[in-house]
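The values are calculated or read from the model by the stated rules, or taken from the named source; none is laboratory data. In this text, all values refer to a predicted model and were calculated from it rather than measured experimentally. Here the Cβ positions follow ideal geometry from the backbone for every residue, glycine too, while neighbour counts run over all protein chains shown. Just the protein is used for accessible areas: all its heavy atoms, side chains included, with ligands, DNA and RNA removed. Shrake-Rupley method; radii C 1.70, N 1.55, O 1.52, S 1.80 Å.
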Amino acid sequence: RDNIGWYRSCKNKNIMDSLEQGKKIIKDKIPLISKNPGIYKMLSSSGEILYIGKAKNIPNRLKSYVTDSNLPIRTERMLSLTHNLETTTTNNESEALLLEANLIKKHKPRYNILLRDDKSFPYIYIGNKDKWPQLTKLRGKKSKSGYYFGPFASIGSANWTIKILQKIFQLRVCDDTVFKNRERPCILYQIKRCSAPCVEHIAKKEYLSTVNDAIDFISGKSRRIQKNLSKEMEKASKELNYEKAAIARDRIKALTQIQNSQKINQTNLNEADVISIYKETGKTCIQVFFFRSKQNWGNQAFYPKHDPDDAIKDILSSFISQFYENKTIPVLIITNYEVSERVLIEKTFSNRERKRIVVKKAKSKNEINISKLAERNAKQALTQKLIQSDTNNNLIENLTKKFKLNNNIDLIEVYDNSHIQGSDSIGALICFGNEGFIKKRYRKFNIKNDKIKGDDYGMMKEVLFRRFSKAIKEKSGSLSLPDLLMIDGGKGQYSVSREVLNELGLHDLPILAIAKGKKRNAGEEKIYYENKEFILNKNDPLLFFIQRLRDEAHRFAISTHRAKRKKSLSKSLLDQIQGIGRQRKRALLNHFGSARAVESASFDDLKSVEGIEDSVAKKIYNFFHE
């Protein structure tokens, strides 16, 4: 609809002039650009990046925008907004591809195909320098020395695998501080999920052997482990060491149960990602299945933002470039469609990973089967999302009609506060659109004014003023303005919220305040809008919708407040000593076990801690004893 409307409006001479002006800006720049690989950025009059593209020869690529007579409507719309052009040359096309993916993810230009909801995936980590290696999860950069296994599609998949490793190999999962201060085994030892290395219920050599077995197991070598356990059980039985034999027997039993319950990877893929795309009514879902060590480590759905007319091969190509921009790339990527610029992507990825990377469309019977499975998952996920989107659109439309709102409502922001008698006061903002809750727009506000902590009206005023004054000033990182505000509160909260928005010149931004009913019963809420009171029927779907938004804001506010309170409670007296940073604090706690023990330590004891010089030890001692 947007394309058709824009095309019809092109009859307007001003818009056609803007299109020609945009083409002229590009045409004038072409002679000034060297014929090298690189990227180009199209900018609006305000400096907003409209589009980022790459090219093997930048001038030749830009000529197509000027000379082609049948450009897509979307491209013409972009050119009509273009007021400037910037280019960056690279040494080769591979560097241009990597730079393009990086800049698209950073700036999110409105006319590029965008990967939304991208995040780092969890890995399982086992250290190789610890005396008693720990089993844990990690996200982000692999800065620690040790073994990394992943990526896992979700925290749930990683947790499931960790439970398996605990059940079979009984490795520790507690952090170093807890581990070094145990005097007796924890409950995990009692339920046979840990061998209690904290109190040396297992010999170091034997523990390291089980660590190596766990590494082999997660690397796909489970049959060899089972044979070794069988030999170990037989040997222990012959030596009449029945306790050791029973432990080996229990591990064999657990291993057999796990193998029977695991999803069998019929494709026999050792290290591969299967990526399948499904497109319907201009929307797309991409499913990624992760296979490592011949095991399926879960799958994840993605919904890239793109123009309805974009070709599947282009969407797939752009997705792959952005998806692996900050991730380790497997040796094999299998897709259900051909990928545009496949050879360039393979070359770029291979150079980056320093190993051969293959990107190919599924061909063998097994590859086609798993690719079709991923495509069916993508279709199902997209169908559910489209249904949810239609439902959300209907609810938002009913909300607009009920309260006779003049705005077209696309984004709703909901606000709530949380505190305990004024302590750890926070404000919370959540956002909702036609595709559901938009988690990346959630924000928390630590209340800065001590005089208003505990004052709900004052807290709401501070939160709204900080949020909207920043947006109006167009500071970097600020959110775009919503179309509707919802406030958890009654007439008072409505009045102070209206006062703040009016003061900032946002007179047309509507506000709904949701007051709890008598005895705080759900279904008896009163809604205030423009000094009018509304009471909806208890069975009205619109009331359920408003309650859902209010409850999500309340959940986010409570969870954020609890996290802040927990952090403040966990602060040590050591944090108050100038010159004691994270590393020294960790060294002291690891050595003494607690801040209380540090407090009672002598000057000589403090000096004996690694990393604590005489001057620092004196400062710590004086802090506690002066």
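Structure summary
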| quantity | calculated |
| --- | --- |
| Sole exception among (1) within 19 Å of Ile320 (Cα to Cα); (2) out of contact with any strand residue (DSSP E or B) (no Cβ under 9 Å at 6 or more places or on another chain) for Ile164, by number | (1) |
| Residue that is under 23 Å from Arg342 (Cβ atoms) and out of contact with any Asp or Glu (no Cβ under 7 Å at 6 or more places or on another chain), where the choices are Ile124, Ile39, Ile104 | Ile104 |
| Answer from Ala515, Ala557 - the residue that is among the aliphatic types (A, V, I, L, M), surrounded by 15 or more Cβ atoms within 10 Å (Cβ to Cβ), within 30 Å of Lys473 (Cα to Cα) and modelled with pLDDT of 85 or more | Ala557 |
| Meets criteria (touching a helix residue (DSSP H, G or I) at 6+ places or on another chain (Cβ under 7 Å), crowded, with 16+ Cβ neighbours inside 10 Å and at pLDDT below 85) for Thr267 | yes |
| Odd one out for Lys54 among (1) more than 30 Å from the chain's Cα centre (by Cα); (2) surrounded by 18 or more Cβ atoms within 10 Å (Cβ to Cβ) | (1) |
| Selection from the range 335-347 of residues that are open to solvent by less than 20 Å² (accessible area, probe 1.4 Å) and either closer than 21 Å to Lys119 by Cα or not in a loop (DSSP other than H, G, I, E, B) (or both) | Thr335, Ile345 |
| Scan of the range 166-185 for residues that are over 14 Å from Ile202 (Cβ atoms) and not in a helix (DSSP H, G or I), ordered by number | Val173, Cys174, Asp175, Asn181, Glu183, Arg184 |
| Any hit, the range 368-379, residues being open to solvent by 20 Å² or more (accessible area, probe 1.4 Å), polar (S, T, N, Q) and outside any loop (DSSP other than H, G, I, E, B) | yes |
| Residue satisfying all of: in the range 563-585; surrounded by 14 or more Cβ atoms within 10 Å (Cβ to Cβ) and among the basic types (Lys, Arg); modelled with the highest pLDDT among these | Arg584 |
| So Glu243, is it modelled with pLDDT under 80, of a type outside the set (Val, Ile, Thr) and open to solvent by 60 Å² or more (accessible area, probe 1.4 Å) | yes |
| Residue pairs meeting the criteria (Cβ under 6 Å; at least 6 apart or on separate chains; first more than 20 Å from Thr75 (Cβ to Cβ), in the range 34-49; second among the acidic types (Asp, Glu)) | Pro37/Glu93 |
| Qualifying residue in the range 234-249 (condition: small (Gly, Ala, Ser), under 33 Å from the mean Cα position of the chain (by Cα) and in a helix (DSSP H, G or I)) | no |
| Residue count for the range 167-185, restricted to those that are open to solvent by 20 Å² or more (accessible area, probe 1.4 Å), touching a residue at least 24 places away in the same chain (Cβ under 8 Å) and either within 23 Å of Lys221 (Cα to Cα) or in contact with a helix residue (DSSP H, G or I) (Cβ under 9 Å, 6 or more places away or on another chain) (or both) | 9 |
| Restricting the range 78-98 to residues that are over 30 Å from the mean Cα position of the chain (by Cα) and touching a residue at least 60 places away in the same chain (Cβ under 8 Å), the residue that is most open to solvent (accessible area, probe 1.4 Å) | His83 |
| The range 404-426 residues that are modelled with pLDDT of 90 or more and of a type outside the set (Val, Ile, Thr), paired with ones that are in a loop (DSSP other than H, G, I, E, B) and open to solvent by 20 Å² or more (accessible area, probe 1.4 Å) (beta carbon under 7 Å, 6 or more apart) | Leu411/Asp483 |
| Scan of the range 586-621 for residues that are of a type in the set (S, T, N, Q), modelled with pLDDT of 80 or more and open to solvent by less than 50 Å² (accessible area, probe 1.4 Å), ordered by number | Ser602 |
| Tally of residues being part of a loop (DSSP other than H, G, I, E, B) and exposed (fewer than 15 other Cβ atoms within 10 Å of the Cβ) across the range 186-204 | 5 |
| Residue that is farthest from the chain's Cα centre (by Cα), among those in the range 293-311 that are under 19 Å from Pro72 (Cα atoms) and crowded, with 17+ Cβ neighbours inside 10 Å | Asp310 |
| Search result, residues across the range 205-233 that are open to solvent by 100 Å² or more (accessible area, probe 1.4 Å) and either β-branched (Val, Ile, Thr) or assigned to a helix (DSSP H, G or I) (or both) | Lys205, Arg223, Arg224, Lys227, Lys231 |
| Ser157 being crowded, with 17+ Cβ neighbours inside 10 Å, in a loop (DSSP other than H, G, I, E, B) and among the hydroxyl-bearing types (Ser, Thr, Tyr) | no |
| Residue among Glu346, Glu375, Glu338 that alone is touching a residue at least 60 places away in the same chain (Cβ under 8 Å) and more than 30 Å from Leu549 (Cα to Cα) | Glu375 |
| Qualifying residue in the range 465-473 (condition: in contact with a strand residue (DSSP E or B) (Cβ under 6 Å, 6 or more places away or on another chain) and surrounded by 17 or more Cβ atoms within 10 Å (Cβ to Cβ)) | no |
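Yes/no per residue for (1) closer than 21 Å to Ile30 by Cβ; (2) open to solvent by less than 70 Å² (accessible area, probe 1.4 Å); (3) in contact with a helix residue (DSSP H, G or I) (Cβ under 6 Å, 6 or more places away or on another chain); (4) not polar (S, T, N, Q):
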{"residue": "Pro59", "(1), (2), (3), (4)": "yes, yes, yes, yes"}
{"residue": "Leu71", "(1), (2), (3), (4)": "yes, yes, no, yes"}
{"residue": "Glu76", "(1), (2), (3), (4)": "yes, yes, yes, yes"}
{"residue": "Glu100", "(1), (2), (3), (4)": "yes, yes, no, yes"}
{"residue": "Leu115", "(1), (2), (3), (4)": "no, yes, yes, yes"}
{"residue": "Lys119", "(1), (2), (3), (4)": "no, no, no, yes"}
{"residue": "Pro122", "(1), (2), (3), (4)": "no, yes, yes, yes"}
{"residue": "Pro133", "(1), (2), (3), (4)": "no, yes, yes, yes"}
